[in-house]
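Accompanying notes for the structure given below.
The values are calculated or read from the model by the stated rules, or taken from the named source; none is laboratory data. All of these numbers come straight from a predicted model, not from anything done at the bench. Cβ atoms come from the backbone with ideal geometry, glycine included; neighbour counts cover every protein chain shown.
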């Protein structure tokens, strides 16, 4: 928990996908007179409902939710903007005497909120356009090789096809003359969140988690994920390289709509990508300190969470 304040601690509820965070956040908000702040980089997009498991209208009417449907899927969103939006929501919730419950699986956002933002330059459209033009001409693997020369630490953790992150790393280098990996270490904690407690749903049995992921993805397909992506493509001038369409599920549905795979492959690749996402989320959670954890598949997490929040 952070330093004390006159407000009850905010609840930060984390965990990999398909572990029941949304349901638990809803229960905690109802039990402790709270409102939910989404910590999800995909739920900020309008029209992206099924593939992000966005709460439905009935749920949002029962408990207030924040940071949903902020922008069109053609627009950019960053960790810096998330911190500003999340802190504004937290202050607003507390000003009305409510408890903030911040729940989601975008670990970068939690990290930015808790540790402060890196000393990085803002996006420069001219530089980005130059990088995009070079990528169109030479291909992203060539740009990845350039990044390897100027910032090998960052390049080592990126695939040669990871256009979004390669672009950002090269943009930072061209704007500052310093590698992204070096600047990312220059952080200052932002204390304006006030007091908080961190809870996480952390499954030990990967088989149970994989079963839950498969069930969740199948449910999304049944609800109409492919039709949702088809609708988004007809409504907005989207491209597959945009961050919104690179989200898990949307990327695979885009490939399917372009004739790049059949339904069985769509399902298999979507589940595999979700598993990889969950693996990264778990790795990040295991690196955290001062984190209370429970296994959602073997423990009664509702009672566990209510007890912790009540004691804080």
- If you go through segment 280-303 one residue at a time, how many are over 17 Å from residue 12 (Cβ atoms) and either loosely packed, with under 11 Cβ neighbours inside 10 Å or in contact (Cβ under 8 Å) with a residue 60 or more places away in the chain (or both)? 7
- Query: Which numbered condition trips up residue 200, out of (1) within 20 Å of the chain's Cα centre (by Cα); (2) free of Cβ contacts under 8 Å to residues at least 40 places away in the same chain?
  - Reply: (2)
- Would a scan of segment 53-66 turn up a residue that is surrounded by 23 or more Cβ atoms within 10 Å (Cβ to Cβ), part of a strand (DSSP E or B) and touching a helix residue (DSSP H, G or I) at 6+ places or on another chain (Cβ under 7 Å)? no
- What are the residue pairs meeting all of these: first residue in segment 87-101, first residue free of Cβ contacts under 8 Å to residues at least 24 places away in the same chain, second residue surrounded by 14 or more Cβ atoms within 10 Å (Cβ to Cβ) and in a helix (DSSP H, G or I), Cβ atoms under 7 Å, and 6 or more apart or on different chains? none
- Task: Just give me the residues in segment 160-184 being without any contact (Cβ under 8 Å) to a residue 12 or more places away in the chain and loosely packed, with under 14 Cβ neighbours inside 10 Å, in sequence order.
- Result: 177
- State which residue is surrounded by the most Cβ atoms within 10 Å (Cβ to Cβ) when the search covers only segment 100-114 and only residues that are out of contact with any helix residue (DSSP H, G or I) (no Cβ under 6 Å at 6 or more places or on another chain) and in a helix (DSSP H, G or I). 110
- In the list 170, 147, 175, which residue meets the criterion of being out of contact with any strand residue (DSSP E or B) (no Cβ under 7 Å at 6 or more places or on another chain), at pLDDT below 90 and part of a helix (DSSP H, G or I)? 175
- Message: Return the residues of segment 252-276 that are buried (at least 18 other Cβ atoms within 10 Å of the Cβ) and under 18 Å from the mean Cα position of the chain (by Cα); say none if nothing qualifies.
- Response: 252, 270, 271, 274, 275
- Message: Between a residue in segment 254-273 that is free of Cβ contacts under 8 Å to residues at least 60 places away in the same chain and any residue that is not in a helix (DSSP H, G or I), which pairs come within a Cβ distance under 6 Å, given they are 6 or more apart or on different chains?
- Response: 254/240; 255/261; 270/249; 273/248
- residue 244 fails exactly one of the following numbered conditions: (1) out of contact with any strand residue (DSSP E or B) (no Cβ under 7 Å at 6 or more places or on another chain); (2) in contact (Cβ under 8 Å) with a residue 24 or more places away in the chain; (3) assigned to a helix (DSSP H, G or I); (4) surrounded by 15 or more Cβ atoms within 10 Å (Cβ to Cβ). What is the number of that condition? (1)
